[in-house]
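> Let me give you the structure first, and then I'll get to my questions.
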């Protein structure tokens, strides 16, 4: 059953081994606030692409 559900997912979290709790605390520290992020803000924070080095042939490299 889990395998079937996993195949339906289009956008996977990109946080790696970092837990959502750690992402939430970093989000609060970065914005200097005590409120928790909304579900939409957590979705964006955990799914944005981390660009460290441009990959060869990447069209965004230009």
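Only the coordinates and a few stated rules stand behind these numbers; no lab work does. Just so it is clear, the structure is predicted and the values come from calculations on it, not from any experiment. For neighbour counting, all protein chains shown are included, and Cβ atoms are generated from backbone atoms with ideal geometry for every residue, glycine included.
> Can you put 31, 24, 3 in order of Cβ neighbours within 10 angstrom, beginning with the fewest?
With the fewest neighbours first, 31, 24, 3 line up as 3, 31, 24.
> Mind sorting 11, 44 by how few other Cβ atoms lie within 10 Å of their own Cβ, fewest first?
11, 44
> Calculate the FRET efficiency for residue 35 and residue 9 from the Cβ-Cβ distance with a Förster distance of 30 Å, rounded to the nearest 0.05.
0.60
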